[in-house]
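Visitor: Supplied in structure tokens, the structure appears directly below.
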Amino acid sequence: MDEGGNEAFAADEETLREGIGRRPITLADVAREARVGESTVSRVLRSHGSFSEKTRARVEAAVARLGYVPNRIAGTLASTGSRLIGIVIPSLTNIVFPDLLRGATAALEQEGFQSVIAVTDYDQDKEEAVVGSLLSWRPAGLIVTGLEHNPGTRRRLMASGVRVAELLDVDGPGLDIVVGYSNRAAGEASARHLAGRGYRRIGYIGHDLTKDKRAAKRYAGFREGLSAAGLSLAAEERVASPSSVEAGRHGLETLLARVPDLDAAYFSNDDMALGGYFHCLAHGLSVPGRLALFGYNGLDVGRLMPQPLATIRTPRVEAGATAARLLCTGGPATVVDLGFELIEGATA
């Protein structure tokens with residue numbers, strides 16, 4: 001892309017961000033100011049259809065007075081004629097994402113829309129490819145996971161003319177609709193809880209933070225929370241394989257072999273924390289007497305453990321349903337922070 005193209009892309013992205021978190025000037029506002037119908041404003045702005053030069057001048061004057069900037073992905077779904085919504089998730093093996101799908105698909109069905117699902121395996125290049133494939137079907141909207149995307153993916157989303165909902169994160173600027181919670185704040189809350197309970201030798205067990213950006217934000221927030229309490233991570237172990245129960249068990253085993261005097265372990269999610277719990281059971285390590293365990297996501301399996309897992313519960317089903325409803329109603333760009341809940345459990 002040439003220099004002019006880069007400047008135009010930056011301007012488009014800034015335009016999209018301006019509406020986040022407050023009520024933007026809308027097409028209806030311009031129509032009222034110019035004393036014409038919304039369809040007339042739309043025709044003038046697109047330079048398509050019939051209208052007089054006098055009408056064009058009135059609309060352009062209203063646009064200038066109000067500072068209105070057309071949002072290329074803020075049109076209503078009804079105008080597209082499509083009843084398909086694309087949903088892009090990073091994994092089907094982690095129960096978090098089936099929960100998201102359950103909420104989204106139920107809400108879409110109520111509104112008369114159908115979903116088409118694609119999986120990226122936490123690969124941003126693959127995300128760019130599947131987004132392009134879904135857009136070729138001219139969907140009414142797209143639901144994607146997270147706020148970080150390749151430049152190519154962002155360009156495709158912004159130029160597509162469809163609504164976009166980004167889920168499970170609010171730590172950063174979004175393209176259009178953002179529904180989720182702060183991963184960084186969840187990490188900080190986890191650190192405060194462990195420090196407040198008197199734990200001082202705390203280790204971290206996680207997976208590839210270069211691929212899982214939300215886990216990376218929790219990790220950063222956790223370290224910030226420890227620092228605020230005058231602490232630092234005693235040790236950490238990152239497994240090369242995807243997040244799983246087995247990875248958590250192996251990760252804790254490896255970490256304790258290297259640093260045996262830890263008194264608490266913070267895991268990137270509940271799957272891995274469950275694996276850590278299995279390691280403690282297999283080796284006779286008292287939880288939380290010998291070692292405290294803390295997870296993330298608030299999965300049912302953690303609640304049903306013999307000792308309920310200390311964790312952060314996130315509203316995945318609600319996030320999917322909320323995003324789907326916002327897409328279907330065609331409202332303005334917005335950020336919806338659903339928050340999270342710290343579950344004290346019995347392992348920390």
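The values are calculated or read from the model by the stated rules, or taken from the named source; none is laboratory data. As the structure is a prediction and not an experimental result, all values here were calculated from the model. FYI the Cβ positions are ideal-geometry reconstructions off the backbone, even for glycines, and counts take in every protein chain you see. Ligands, DNA and RNA are stripped out before the accessible areas are found, and what is left, the full protein with its side chains, is counted by its heavy atoms. Shrake-Rupley method; radii C 1.70, N 1.55, O 1.52, S 1.80 Å.
Visitor: So which residues in the stretch 1-50 are at pLDDT 50 or above and at positive phi?
Guide: Hits for the stretch 1-50 are Arg35, Ser47, Gly49.
Visitor: How many residues, within the stretch 94-114, are open to solvent by less than 40 Å² (accessible area, probe 1.4 Å), among the polar types (S, T, N, Q) and modelled with pLDDT under 95?
Guide: Residues that pass the stated criteria total 1.
Visitor: How do the pairs read when you match residues in the stretch 278-293 that are under 11 Å from Gln307 (Cβ atoms) with residues anywhere that are surrounded by fewer than 13 Cβ atoms within 10 Å (Cβ to Cβ) and of a type in the set (S, T, N, Q), using Cβ under 6 Å and keeping only pairs 6 or more apart or on different chains?
Guide: Note: no pairs meet the criteria.
Visitor: Does Leu194 satisfy the condition of being in contact with a Gly (Cβ under 6 Å, 6 or more places away or on another chain) and either in contact (Cβ under 8 Å) with a residue 12 or more places away in the chain or crowded, with 19+ Cβ neighbours inside 10 Å (or both)?
Guide: It is false that Leu194 is in contact with a Gly (Cβ under 6 Å, 6 or more places away or on another chain) and either in contact (Cβ under 8 Å) with a residue 12 or more places away in the chain or crowded, with 19+ Cβ neighbours inside 10 Å (or both).
Visitor: Okay, moving on. Can you find a residue in the stretch 120-139 that is of a type in the set (S, T, N, Q) and touching a Pro at 6+ places or on another chain (Cβ under 8 Å)?
Guide: Looking through the stretch 120-139, at least one residue is of a type in the set (S, T, N, Q) and touching a Pro at 6+ places or on another chain (Cβ under 8 Å).
Visitor: Residues that are over 21 Å from the mean Cα position of the chain (by Cα), on the phi > 0 side of the Ramachandran plot and among the basic types (Lys, Arg): which strands (runs of 3 or more DSSP E) entirely in the stretch 194-298 hold 2 or more of them?
Guide: In the stretch 194-298, there are no strands (runs of 3 or more DSSP E) which contain 2 or more residues that are over 21 Å from the mean Cα position of the chain (by Cα), on the phi > 0 side of the Ramachandran plot and among the basic types (Lys, Arg).
Visitor: Among the residues of the stretch 160-191, how many are touching a Lys or Arg at 6+ places or on another chain (Cβ under 7 Å) and either open to solvent by 10 Å² or more (accessible area, probe 1.4 Å) or assigned to a strand (DSSP E or B) (or both)?
Guide: Qualifying residue count for the region: 5.
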